[in-house]
1. For a quick check of your reading: which strands (runs of 3 or more DSSP E) sit entirely within the stretch 50-103 and have at least 2 residues that are among the β-branched types (Val, Ile, Thr) and either surrounded by fewer than 19 Cβ atoms within 10 Å (Cβ to Cβ) or touching a residue at least 12 places away in the same chain (Cβ under 8 Å) (or both)?
2. Just for the stretch 39-49: of the residues that are in a strand (DSSP E or B) and open to solvent by 10 Å² or more (accessible area, probe 1.4 Å), which one is nearest to Gly124 (Cα to Cα)?
3. Consider Thr135 against the criteria (1) at pLDDT 95 or above; (2) under 23 Å from Thr167 (Cα atoms); (3) of a type outside the set (Gly, Ala, Ser): it satisfies all of them except one. Which criterion is unmet?
4. Among the residues of the stretch 16-26, are any among the charged types (D, E, K, R) and either in contact (Cβ under 8 Å) with a residue 24 or more places away in the chain or open to solvent by less than 30 Å² (accessible area, probe 1.4 Å) (or both)?
5. Looking only at the stretch 105-132, which residues are among the hydrophobic types (A, V, I, L, M, F, W, C) and modelled with pLDDT of 95 or more?
6. If you scan the stretch 174-210, which residues turn out to be of a type in the set (Val, Ile, Thr), open to solvent by 80 Å² or more (accessible area, probe 1.4 Å) and within 23 Å of Tyr126 (Cβ to Cβ)?
7. Condition test on Ile33, is it under 27 Å from Pro159 (Cβ atoms), in contact (Cβ under 8 Å) with a residue 40 or more places away in the chain and surrounded by 21 or more Cβ atoms within 10 Å (Cβ to Cβ)?
8. Which one of these is of a type in the set (Ser, Thr, Tyr), more than 18 Å from Arg118 (Cβ to Cβ) and within 16 Å of the chain's Cα centre (by Cα): Thr46, Thr66, Thr59?
Amino acid sequence: MAVITANTGAGNYNVNGTWVGGVQPDATSDVVIPATAVVTIPTGITALARSVTIAATATLAFATNTSVLTLGDATTGAGNVIFSNAGTITLTGVGVINLNSSSATQQTIATGGQSLGRVNSASGSYKFLDAMTVTGVWGFSGSALDTNGKILTMTGANPTFNGGGMTYFEVDFTGTGLTALNGANTYTNLKRIGTAGVTDVWNLSANQTV
């Protein structure tokens, strides 16, 4: 395992020259995107890291909806952080983040007020440090989650919320169309903040406890 730092300037995640030392990150790497650096995950590329930290004035860009960032390893990064953003996240065609740690140690997620694309997780234990906004799909199963009193907002048309039967503080749906709520989830607050059109409906696959 190693800390892999991006060069300042712009570059693609899957290009050696983007990284100090000329080595691309892998699933054991703690990735740092420093100030002023712009790193893009190209179309059809799955970028790997154990954790990602984005500094202020740095940017992580998802080129299309087939740009994927898969995070996690059998061990955790420094400070038990899996994703920390203080910069900018650019979404073109949404993009995907997979949280796939096989460690049972709780790891933190901080979005810095930036919207994420689709987020999935099938393993690991995670804690929100701030509110999270997700576009289109939230897919959690087989994971442990502490939303830490933070709001999870789902945006985009026809969003799918696969809650994994977990407990959430508050989930807000701001998009339009059919909203699928899957899993017997529990919420302190559950809100639909959208238009009043008759086509804006919830489709429940299991009991939701609010």
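The values are calculated or read from the model by the stated rules, or taken from the named source; none is laboratory data. As the structure is a prediction and not an experimental result, all values here were calculated from the model. Cβ sites come from the backbone with ideal geometry, for glycine too, and all protein chains shown count toward neighbours. Please note that ligands, DNA and RNA were not included when accessible areas were found on the heavy atoms of the full protein model with its side chains. Shrake-Rupley method; radii C 1.70, N 1.55, O 1.52, S 1.80 Å.
1. On the way: elements: 51-54, 59-62, 68-71, 81-85, 88-91, 96-99.
Output list reads 51-54, 68-71, 81-85, 88-91, 96-99.
2. Our first condition is that a residue be in a strand (DSSP E or B); within the stretch 39-49, this holds for 39-41, 46-49.
Subsequent filtering for residues that are open to solvent by 10 Å² or more (accessible area, probe 1.4 Å) retains 40, 46, 48.
Numbers: Thr40: 26, Thr46: 19, Leu48: 16 Å.
This residue is Leu48.
3. Failed condition: (1).
4. No, the stretch 16-26 contains no residue that is among the charged types (D, E, K, R) and either in contact (Cβ under 8 Å) with a residue 24 or more places away in the chain or open to solvent by less than 30 Å² (accessible area, probe 1.4 Å) (or both).
5. Listed by number, the residues that qualify are Ile109, Ala110, Leu116, Val119, Phe128, Leu129, Ala131, Met132.
6. Thr188, Val210 - these are the residues of the stretch 174-210 that are of a type in the set (Val, Ile, Thr), open to solvent by 80 Å² or more (accessible area, probe 1.4 Å) and within 23 Å of Tyr126 (Cβ to Cβ).
7. No, not satisfied.
8. The conditions single out Thr59.
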